[in-house]
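Chemist: Pasting a structure here, questions to come.
The values are calculated or read from the model by the stated rules, or taken from the named source; none is laboratory data. Remember, it's a predicted structure, so these values are computed and weren't measured experimentally. Neighbour counts run over all protein chains shown; Cβ positions are idealised from the backbone, glycine included.
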Amino acid sequence: MKNKLLLVILLIILLAGSGLFIYLITRGTIKPAAQSAQPTIYINPASASENLGSTFTVDIMANSAGSTIMGIDVFYLHYDNQKLSAQAVTNGTIFPNYQSRNNIPIDVAAGTINLSGYFNPGPSNQQAVSGIFAKVTFKALLEGQATLSFDFSPGATTDTNMSSDTGGGNIVDILQAASGATLTIKKIDNPPGNQNGTTPTSNGTGQTSPSTPNKSSTGTTSTPQQATKLPANIQTQPTPIQTTITLTKNEVMKPWVLWFLYAIIPAFLAGGTIYFYLRRKKANRNDEMI
């Protein structure tokens, strides 16, 4: 019986420990091991929704994952020149030197962007980088979905690459991934109930109706101005006060409550179930012996 009781106690401790482990993960105290970083170039944001006719900027990000490099080439970043117009390319801050082919970073006809950033020559000048390589400003021309993508082949130094000088004039591409972006261009619709651009006015009955332009005797059109006073039979309504209540995670559920949910309660339920099961089994044996 003592061995079985010890087994129950060990089971309770095991369940309580596993519950504590889950609890600490949910609280962020224990974090799962992150995947090993690799040298990457990517667009930030990876997806976005932009209004037709608007001008917006995306970032070309670079991360050498701790490896020292001599420079980065973007040959090329492709964009949909039917839906987007590249307006400008702005150098980032991770390199002291930037240059584009023939000093022309944007090829409008081809829908491509090229840019290189680099440190001063020599392995001793190489550094690890992480940050904004460049900023590209676009204008949305046509509604629909537009993609941004890099020309990239691992190990090649003639397309988008991250070059490192290993010494003796040996230049290698350490770039492992180059991720583009998907942009959705949407058309701005007129607000509901105002499709014709008319201004709603009160008709004296408590309802609103769109006002119509007045045409003067000279043929010119004038728009009636909104009255500064409401009719006597219309009472102004007070503006409701909106109150926003923000609950943090700790306010919604206290830590000791989480501890009971994740550890104590499951452990005692399991332990109690096993204990009473063993007692009942022993009682049945005694009955059989009698």
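Chemist: Name the residues in segment 167-181 that are exposed (fewer than 14 other Cβ atoms within 10 Å of the Cβ) and of a type in the set (S, T, N, Q), would you?
Modeler: 170
Chemist: Does residue 115 satisfy the condition of being within 15 Å of residue 150 (Cα to Cα), of a type in the set (A, V, I, L, M, F, W, C) and either surrounded by 13 or more Cβ atoms within 10 Å (Cβ to Cβ) or in contact with a helix residue (DSSP H, G or I) (Cβ under 8 Å, 6 or more places away or on another chain) (or both)?
Modeler: Values: within 15 Å of residue 150 (Cα to Cα): yes; of a type in the set (A, V, I, L, M, F, W, C): yes; either surrounded by 13 or more Cβ atoms within 10 Å (Cβ to Cβ) or in contact with a helix residue (DSSP H, G or I) (Cβ under 8 Å, 6 or more places away or on another chain) (or both): yes.
So residue 115 passes the test.
Chemist: With (1) in a helix (DSSP H, G or I); (2) touching a residue at least 60 places away in the same chain (Cβ under 8 Å) as the list, and residue 124 as the residue in question, which single condition is left unmet?
Modeler: (2)
Chemist: Please verify whether residue 37 is of a type in the set (A, V, I, L, M), closer than 25 Å to residue 125 by Cα and at pLDDT below 95, treating the condition exactly as stated. So that I can check it myself, show each step before the final result.
Modeler: On the way: of a type in the set (A, V, I, L, M): yes; closer than 25 Å to residue 125 by Cα: yes; at pLDDT below 95: yes.
Yes: the conditions hold for residue 37.
Chemist: May I pose another question? Please specify each residue of segment 138-178 satisfying the condition of being on the phi > 0 side of the Ramachandran plot and not in a loop (DSSP other than H, G, I, E, B). Please lay out each step first, then the result.
Modeler: Taking segment 138-178 and keeping what is on the phi > 0 side of the Ramachandran plot, we get 144, 155, 167-169.
The one that is on the phi > 0 side of the Ramachandran plot and not in a loop (DSSP other than H, G, I, E, B): 144.
Chemist: Let me ask something additional. In this structure, does residue 103 turn out to be without any contact (Cβ under 8 Å) to a residue 24 or more places away in the chain and not basic (Lys, Arg)?
Modeler: On the way: without any contact (Cβ under 8 Å) to a residue 24 or more places away in the chain: yes; not basic (Lys, Arg): yes.
It is true that residue 103 is without any contact (Cβ under 8 Å) to a residue 24 or more places away in the chain and not basic (Lys, Arg).
Chemist: Pull up segment 82-99, narrow it to residues that are part of a loop (DSSP other than H, G, I, E, B) and crowded, with 17+ Cβ neighbours inside 10 Å, then point me to the one that is farthest from the chain's Cα centre (by Cα).
Modeler: So the first thing to find is which residues in segment 82-99 are part of a loop (DSSP other than H, G, I, E, B), and the list is 82-83, 92-96.
Those left that are additionally crowded, with 17+ Cβ neighbours inside 10 Å: 83, 92, 94-95.
Numbers: 83: 23, 92: 21, 94: 23, 95: 26 Å.
This residue is 95.
Chemist: Taking only pairs six or more apart or across chains, which ones have beta-carbon atoms under 7 Å, a first residue in segment 133-149 that is farther than 22 Å from residue 61 by Cα, and a second residue that is charged (D, E, K, R)?
Modeler: From residues that are farther than 22 Å from residue 61 by Cα, the pairs are 141/83; 142/83; 143/186; 143/187; 144/83.
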